[in-house]
Amino acid sequence: MMDHMQIWRDGLWTRNPGLIQLLGLCPLLAVSNTLDNAVGLAMATVAVLVLSNASISLIRTTVAEHIRLPVFVLIIAALTTCAELIIAALDYSLYQSLGIFLPLIVTNCLILGRAEALARREPVWVSTLDGLAQGMGFALVLICLGAVREWASDTLILAALPPGAFIALGLLVALHRALSRWIDSRRPRLVARNARSRRVRTTGDIT
């Protein structure tokens, strides 16, 4: 059974789908030109990922092995259609701005990848939590890109163009790797410090 803290660490940091696995790059780069677009697609992607993981986990023991992929795609397509209709009803201008990238959630390799790698093997609560963690990790990268590109486009037209999306994502990946190395370098010191603290407490209790 997977540890829930490890699921969150994987989704948000150590195996972030946008910064480490580099999944879903097409919508990640194309829709992040404005913050509104990024938030809209992020919410839709998280919803589809969570619900598809939960649904596939529920039926994992009843679907024959040789038809599992078509069944998974049908479930993801149905959920994507529901998300598309809801966004069109609530905010038609956002629906128009997202354009083809909203229905293309069906082909996002992140969603089918989590279904194939985890949801068809794990119980519902693990699959649902994994979908939420991976979806939030993807959403945070998408929203950060949208915010940075929209802010920078006021003074730098390149930020609103496709090359600007690649540059911004590259900077985020570099920042993530630098922070990861810094955290890894600090971990032995923290472990040693905690070990000393435990020894001091133990000695104090004995005396």
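The values are calculated or read from the model by the stated rules, or taken from the named source; none is laboratory data. On a predicted model such as this, the values are computed, not experimentally measured, just so you know. Every residue, glycine as well, gets a Cβ built from its backbone with ideal geometry; the counts of neighbours run over all protein chains shown.
Taking the stated definitions as given, is L110 at pLDDT below 95, within 20 Å of A78 (Cα to Cα) and touching a Phe, Trp or Tyr at 6+ places or on another chain (Cβ under 8 Å)? So L110 fits the description; yes.
In the stretch 1-15, of all residues being hydrophobic (A, V, I, L, M, F, W, C) and assigned to a loop (DSSP other than H, G, I, E, B), the one that is surrounded by the fewest Cβ atoms within 10 Å (Cβ to Cβ) corresponds to M1. Scanning the stretch 111-121 for residues being hydrophobic (A, V, I, L, M, F, W, C) and surrounded by fewer than 24 Cβ atoms within 10 Å (Cβ to Cβ) gives a total of 3. For the stretch 122-157, a tally of residues being assigned to a helix (DSSP H, G or I) and surrounded by fewer than 15 Cβ atoms within 10 Å (Cβ to Cβ) returns 3. Those helices (runs of 4 or more DSSP H) of the stretch 16-119 in which at least 3 residues are within 19 Å of the chain's Cα centre (by Cα), considering only elements entirely within it, cover 25-30, 35-58, 68-90, 109-114.
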